[in-house]
1. Which ones in region 166-210 are within 19 Å of residue 136 (Cα to Cα), in a helix (DSSP H, G or I) and among the charged types (D, E, K, R)?
2. Can you list residue pairs whose Cβ atoms sit under 7 Å apart, with the first residue in region 207-222 being more than 10 Å from residue 175 (Cβ to Cβ) and open to solvent by 60 Å² or more (accessible area, probe 1.4 Å) and the second being of a type outside the set (Gly, Ala, Ser) and part of a helix (DSSP H, G or I)? Count only pairs 6 or more apart in sequence or on different chains.
3. So which pairs qualify, if the first residue must be in region 75-92 and open to solvent by less than 50 Å² (accessible area, probe 1.4 Å), the second must be part of a helix (DSSP H, G or I) and of a type in the set (Phe, Trp, Tyr), the Cβ gap must be under 6 Å, and the two must be at least 6 apart or on different chains?
4. Would you tally the residues in region 49-74 being out of contact with any Ser or Thr (no Cβ under 8 Å at 6 or more places or on another chain) and open to solvent by less than 30 Å² (accessible area, probe 1.4 Å)?
5. Within region 151-192, track down each residue that is without any contact (Cβ under 8 Å) to a residue 40 or more places away in the chain and hydrophobic (A, V, I, L, M, F, W, C).
6. Could you please find all residues in region 101-132 being more than 26 Å from residue 178 (Cβ to Cβ) and either at pLDDT 80 or above or open to solvent by 60 Å² or more (accessible area, probe 1.4 Å) (or both)?
7. Could you please let me know if residue 77 is in a helix (DSSP H, G or I), at pLDDT below 95, within 28 Å of residue 226 (Cβ to Cβ) and among the small types (Gly, Ala, Ser)?
Amino acid sequence: MRFQAPESLSEQIAQHIGQRIIIRDLKPGERIQELKVAGELNVSRGSVREALLILERRHLVEIFPRRGAVVSGLTPGSVNALYDIYIDLLCMLGRKVLERWSGSELGGVMSQVKELQAVIDALNSNATDAAEQVIDAGFGVMRYAYRLVENPFLEETLENFRPAISRTYYVALEHFRSEIAETGTFFRHLADAAVKGDSALLERVIQDFGEHQRAQVLSILTEENA
């Protein structure tokens, strides 16, 4: 028997602050004041402090002695380090799906992709929350894959990277609105490769999209730094 505990208050605070960082409402280098956050959310400073420790583990904040927590920087080095490992982990997830399930048994993948495409088709490219909705729908496909693979270690590792990758994904989607449609194309190609049972094609689709997105984010950072 498994007992599912409700999300702790600290986790809820971490998700709230983390989302503000992801959508760039809180900028890199900006200080996060425990007292101010506690007052705004009507919670204790202890809960905020625990939330900041969670965000530190997720690479969204850095905590310094006597200075406190600040939003972590988004640099070419950190982006490259993130994509180096994240692309490999996604390829592993895809391989494990095909090892456990044949193409004919992956009809659920297509239904998940159709849901994602419906979200993309319904979105106006000028909608303020378009990027957030596409990111959330995309991770819905990943959560479906977790259930197929049933590897809690791989799932936990990928989920720990989710806030950091969402942050870079948001940067790309906000600067290149065409990436919203590109995301839909990626997941359609991914689903086609999965249903065919073609592991090599599946990994190539993941690697191509990952490298494309890495290049987009790096170009944006270069432009901003200039």
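1. If the condition is that a residue be within 19 Å of residue 136 (Cα to Cα), in a helix (DSSP H, G or I) and among the charged types (D, E, K, R), then 167, 174, 179, 182, 188 are the ones that fit.
2. Close Cβ pairs (under 7 Å, with a partner that is of a type outside the set (Gly, Ala, Ser) and part of a helix (DSSP H, G or I)) amount to 207/87; 207/91.
3. Final answer for the pair search is 86/161.
4. Of the residues in region 49-74, 6 are out of contact with any Ser or Thr (no Cβ under 8 Å at 6 or more places or on another chain) and open to solvent by less than 30 Å² (accessible area, probe 1.4 Å).
5. Scanning region 151-192 gives 153, 186.
6. First pass over region 101-132, keeping only residues more than 26 Å from residue 178 (Cβ to Cβ): 101-108.
The answer is 101, 104, 105.
7. Details: in a helix (DSSP H, G or I): yes; at pLDDT below 95: yes; within 28 Å of residue 226 (Cβ to Cβ): yes; among the small types (Gly, Ala, Ser): yes.
Considered against the rule, which asks whether it is in a helix (DSSP H, G or I), at pLDDT below 95, within 28 Å of residue 226 (Cβ to Cβ) and among the small types (Gly, Ala, Ser), residue 77 comes out as yes.
A quick yes/no check of all residues on (1) of a type in the set (Ser, Thr, Tyr); (2) farther than 25 Å from residue 205 by Cβ; (3) at pLDDT 90 or above; (4) outside any loop (DSSP other than H, G, I, E, B):
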| site | (1), (2), (3), (4) |
| --- | --- |
| 18 | no, yes, yes, yes |
| 29 | no, yes, yes, no |
| 43 | no, yes, yes, no |
| 50 | no, yes, yes, yes |
| 55 | no, yes, yes, yes |
| 85 | no, no, yes, yes |
| 90 | no, no, yes, yes |
| 99 | no, no, no, yes |
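The values are calculated or read from the model by the stated rules, or taken from the named source; none is laboratory data. Only a predicted model underlies this, so the values are computations on that prediction, with no experimental measurement involved. Positions of Cβ are backbone-derived with ideal geometry, glycine not excepted, and every protein chain shown enters the neighbour counts. These accessible areas exclude ligands, DNA and RNA; they are computed on the full protein's heavy atoms, side chains included. Shrake-Rupley method; radii C 1.70, N 1.55, O 1.52, S 1.80 Å.
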